[in-house]
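Reading through the structure tokens given below for one structure.
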Amino acid sequence: MLNQLWHRFVVFILLMSITACVGPEPLLRSNKQLQLYGKQMAQQEIDACRRKVEEGGLRPGVNQSGNAATGAVLGVTLGGAVGASAGIIGGITGVTIGAAAGAGLGLIIGLVGGTFKPLVPDPPYADAVTRCLKEKGYEVSGWE
């Protein structure tokens, strides 16, 4: 039973690591340029701007694995504290069991919650891509 649960957990982490490679894309506001050339041409322009910015040394700087790790650390810390305080009634054994259970649950909740945190690129990277697209006549309304 525990081995099967561990196997599912490892598969889940691997899947999250693979999807972590997908970075956010700029959202283009519908304007004359987008309507004239269409979404396919706009995507080519986005790709060209991203390459230009990355060749200049800037990187998107988003890391879904990092988000998951931050969530997991927060979950372990808060879950352990809440579990320990809930176990006070049972004495030292209750505190120990409560802290362990709270930390374990906090780890899982924090890991999953951090994985699904919205991705936003580093501001200098986003600004450079936005500026490049603006020079080409597009309007960026945000990142997704």
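The values are calculated or read from the model by the stated rules, or taken from the named source; none is laboratory data. Small disclaimer: the values here were computed from a predicted structure and weren't measured. As a convention, Cβ positions derive from the backbone with ideal geometry for all residues, glycine included, and neighbour counts pool all protein chains shown.
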Residues of region 52-84 satisfying the condition of being under 14 Å from Pro26 (Cα atoms) and at pLDDT 90 or above: Val53
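In region 52-64, how many are part of a helix (DSSP H, G or I) and either exposed (fewer than 11 other Cβ atoms within 10 Å of the Cβ) or touching a His at 6+ places or on another chain (Cβ under 6 Å) (or both)?
Initial filter on region 52-64 (part of a helix (DSSP H, G or I)): 52-55, 64.
Pick out the ones that are also either exposed (fewer than 11 other Cβ atoms within 10 Å of the Cβ) or touching a His at 6+ places or on another chain (Cβ under 6 Å) (or both) and you get 55.
So the answer is 1.
Please find, within region 25-45, the residue that is farthest from Tyr125 (Cα to Cα) out of those that are out of contact with any Leu (no Cβ under 7 Å at 6 or more places or on another chain) and of a type in the set (A, V, I, L, M). If you could, list the steps in order and put the result at the bottom.
Taking region 25-45 and keeping what is out of contact with any Leu (no Cβ under 7 Å at 6 or more places or on another chain), we get 25, 27, 29-33, 35-41, 43-44.
Filter once more, keeping what is of a type in the set (A, V, I, L, M): 27, 36, 41.
Details: Leu27: 15, Leu36: 27, Met41: 21 Å.
The qualifying residue farthest from Tyr125 (Cα to Cα) is Leu36.
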